[in-house]
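Asks: One structure follows; several queries about it will come next.
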Amino acid sequence: MNQQKYRIGLVMKSLNANFFQVMQKGALNFADEHPEIDLICRGTTSQTDVDAQIGYVDELIQEKVDAIVLVPIDSVSLAYSACKAVRNGIRIVNIDIKLDDAILNEQHVNIPFVGPDNYKASYEVGKLLAGFLHRGDEVAIIEGLPSADNASQRKAGSLRVIQEEGYKLVASEPANWETADARNAFSRIWSQNPDLKGVFCGNDAMALGVLQEMDIQRKYLPVVGFDNDGVMSPYLRKGQEIGTVDIFSSQMAVEGIRYAIKMISKGSRIYDSYSTPFKIICG
């Protein structure tokens, strides 16, 4: 008796980013160990190429895959693409960045989310700054892509820390998850606010840009990030990034693939979402 084959597409964000390189490697290793899985990986070249992601989903619909595991760049635009896939008989598992609930409800489509609690994780890593700052200190937030749900959740977690600890927020600007954008934004913020005392960053790629600017100035403020990217290890060891969040990118897609197979096997139309673990990493 032949074993059932599962054709599964994995659509990620920028494969130039360490986070998604690690995610892809974990997914491919898992597929190599499970011959019943035919895995098709797709990733963009930038963190903002929404059109490319929409195109990948359309291609996978045409290829009639059994399921798609999706990390959306834009929570709104990709929600419509995901609904289109569901209507074509394809299971969707949404990982890492949540699709827009209002659109899913409007379209009467159930898509489970398998990923971390970004609000809680951002709040917890942000609390590390309490040991380095004082009430009334000036702080800044370097945000991710505004149209991504995880960016808004991570910003909200940082804002809660700022409110509870009594810090003064002098700037909150998006840098679209990109290192160069973050460096430029932070350079401008710092020059305009020379008394700045700490920085909340929505991911480690942006924290890297912030710390690169501090390298130039040879002055370091406490910085927290998110994702536990390998590139940040030197900054963590030196205590220049005082904390980040490991959301286990190598296993997140694996969780999505496993759940996609469960959905295919189960055959029902209603699927539960669940939170994946995270760990605070201190510098």
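The values are calculated or read from the model by the stated rules, or taken from the named source; none is laboratory data. Just so we're clear, the structure is a prediction, and the values are computed from it rather than from any experiment. Backbone-built Cβ (ideal geometry, glycine too); neighbour counts: all protein chains shown. What goes into the accessible areas is simple: the full protein's heavy atoms, side chains included, and nothing from ligands, DNA or RNA. Shrake-Rupley method; radii C 1.70, N 1.55, O 1.52, S 1.80 Å.
Asks: Could you order Thr244, Thr45, Thr179 so the one with the most accessible surface comes first? Probe is 1.4 Å.
Replies: Values: Thr244 0, Thr45 105, Thr179 35 Å².
Accessible-area ranking of Thr244, Thr45, Thr179, largest first: Thr45, Thr179, Thr244.
Asks: Now for a separate question. If you take the alpha carbon radius of gyration of the stretch 123-175 and divide it by 2.2 N^0.38 Å, what ratio comes out, to two decimals? Intermediate results must be reported in sequence, preceding the final value.
Replies: Numbers: Rg = 10.9 Å, N = 53, 2.2 N^0.38 = 9.9 Å.
The reported ratio for this selection is 1.10.
Asks: Count the DSSP beta bridges whose two residues both fall in the chain, then state the antiparallel fraction as a percent rounded to the nearest 5. If you can, show how the numbers build up before the last one.
Replies: Values: 4 of 39 bridges.
Close to 10 percent.
Asks: Provide Arg188, Arg237 ordered by accessible surface of protein heavy atoms (probe 1.4 Å), highest first. Display every interim value, and only then the final one.
Replies: On the way: Arg188 100, Arg237 185 Å².
Correct descending sequence by accessible area is Arg237, Arg188.
Asks: Just the C-alpha atoms of the stretch 239-281: what Rg/Rh do they give, with Rh taken as the Kirkwood radius?
Replies: 1.20
Asks: For a quick check, take a GNM of the chain with Cα springs below 10 Å and name the residue from Asp74, Asp149, Asp195 with the largest mean-square fluctuation.
Replies: Asp195
Asks: Just from the alpha-carbon atoms, what are the Rg and Dmax of the stretch 1-158 in angstroms?
Replies: When restricted to Cα atoms, the stretch 1-158 yields Rg and Dmax of 17.8, 69 Å.
Asks: Could you report the accessible area of Tyr220 in Å², rounded to 10, computed with a 1.4 Å probe on the protein chains as they sit in the structure?
Replies: Approximately 90 Å² of Tyr220 is accessible to the 1.4 Å probe.
Asks: To the nearest Å, what is the center-to-center distance of the stretch 75-94 and the stretch 5-21, using C-alpha atoms only?
Replies: Value for the Cα centre distance between the two parts: 16 Å.
Asks: I'd like the carbon and sulfur percentage of the solvent accessible area for the chain, probe radius 1.4 Å, heavy atoms only, ligands and nucleic acids excluded.
Replies: Values: 5700 of 12300 Å².
Solvent-exposed carbon and sulfur of the chain make up 46 percent of the total.
Asks: Among the listed pairs Lys120/Lys197; Lys25/Lys266; Lys25/Lys98; Lys127/Lys219, give every one whose C-alpha distance is greater than 25 Å. Mind dumping the intermediate values first?
Replies: Values: Lys120/Lys197 23 Å; Lys25/Lys266 27 Å; Lys25/Lys98 22 Å; Lys127/Lys219 22 Å.
Those over the limit are Lys25/Lys266.
Asks: Sticking with this one: With everything on Cα atoms, drop me the angle between helix 18-33 and the longest principal axis of the chain, reported from 0 to 90° to the nearest 10.
Replies: Taking the Cα atoms of the chain, the angle to 18-33 is about 30 degrees.
Asks: I've got another one for you. So what is the orientation-averaged projected area of the stretch 23-82, using the convex hull of its C-alpha atoms, in nm²? Kindly include the intermediate steps, with their values, before the conclusion.
Replies: Numbers: hull surface 17.3 nm².
So the Cα hull casts an average projection of 4.3 nm².
Asks: I need the trypsin sites (Lys or Arg not before Pro) found in the stretch 118-161, filtered to DSSP loop residues with at most 16 other beta carbons within 10 Å of theirs. Walk me through the numbers on the way to the answer.
Replies: Values: sites: Lys120, Lys127, Arg135, Arg154, Lys155, Arg160; in loops: Arg135.
The qualifying sites are Arg135.
Asks: Additional query: Can you give the accessible area per residue of the stretch 101-199, in Å², using a 1.4 Å probe? Working shown, then result.
Replies: Values: 4330 Å² over 99 residues.
Each residue of the stretch 101-199 exposes 44 Å² on average to a 1.4 Å probe.
Asks: To continue, here is another question. Calculate, for the stretch 203-283, the solvent-accessible area per residue in square angstrom, rolling a 1.4 angstrom probe over the heavy atoms of the protein chains. Each step should come with its number before you reach the end.
Replies: Numbers: 3670 Å² over 81 residues.
Averaged over the residues of the stretch 203-283, the accessible area is 45 Å².
Asks: Moving on to the next point. Note down, for the stretch 206-283, the three equivalent ellipsoid semi-axes (square root of 5 times each alpha carbon gyration tensor eigenvalue), biggest first, whole angstrom. Please report the intermediate quantities before stating the final value.
Replies: Working: eigenvalues 287, 21, 18 Å².
Equivalent ellipsoid of the stretch 206-283: 38, 10, 10 Å, largest first.
Asks: Let me ask something additional. Which residue, Val231, Val199, Val161, tops the fluctuation ranking in a GNM of the chain built on C-alpha contacts under 10 Å?
Replies: Val231
Asks: Excluding same-chain residues fewer than 8 positions from Lys262, which lysines have a Cα within less than 17 Å of its Cα?
Replies: Within the straight-line limit of under 17 Å, Lys262 reaches these lysines: Lys5.
Asks: Where does helix 249-266 land angle-wise versus the long Cα axis of the chain, in degrees 0 to 90, nearest 10?
Replies: 30
Asks: Shifting gears a bit: What accessible area per residue, rounded to a whole number of Å², is obtained for the stretch 1-96 using a probe radius of 1.4 Å?
Replies: Working: 4170 Å² over 96 residues.
Heavy-atom SASA per residue in the stretch 1-96 reads 43 Å².
Asks: GNM on the chain, C-alpha springs below 10 Å: top fluctuator among Asn176, Asn193, Asn94?
Replies: Maximum fluctuation in the GNM of the chain, among the listed residues, is at Asn193.
Asks: What angle do you read, to the nearest 10 degrees and between 0 and 90, between the alpha-carbon axis of helix 77-87 and the longest principal axis of the chain?
Replies: Between helix and principal axis, roughly 20 degrees.
Asks: Now a separate question. Are there GluC sites (Glu not before Pro) in the stretch 1-102 that DSSP marks as loop and that have at most 15 other Cβ atoms within 10 Å, and which are they? Numbers along the way, then the final one.
Replies: On the way: sites: Glu33, Glu36, Glu59, Glu63; in loops: Glu36, Glu63.
In loop regions of the stretch 1-102 (DSSP not H, G, I, E or B), the sparsely surrounded GluC sites (Glu not before Pro) are Glu36, Glu63.
Asks: I would also like to ask the following. Out of every Cα-Cα pair in the stretch 77-223, what percent are more than 18 Å apart?
Replies: 59
Asks: Which label belongs to the value computed from this structure, given these candidates for Rg and Dmax of the Cα atoms in Å: [x] 19.5, 70; [y] 18.5, 58; [z] 19.7, 74?
Replies: [x]
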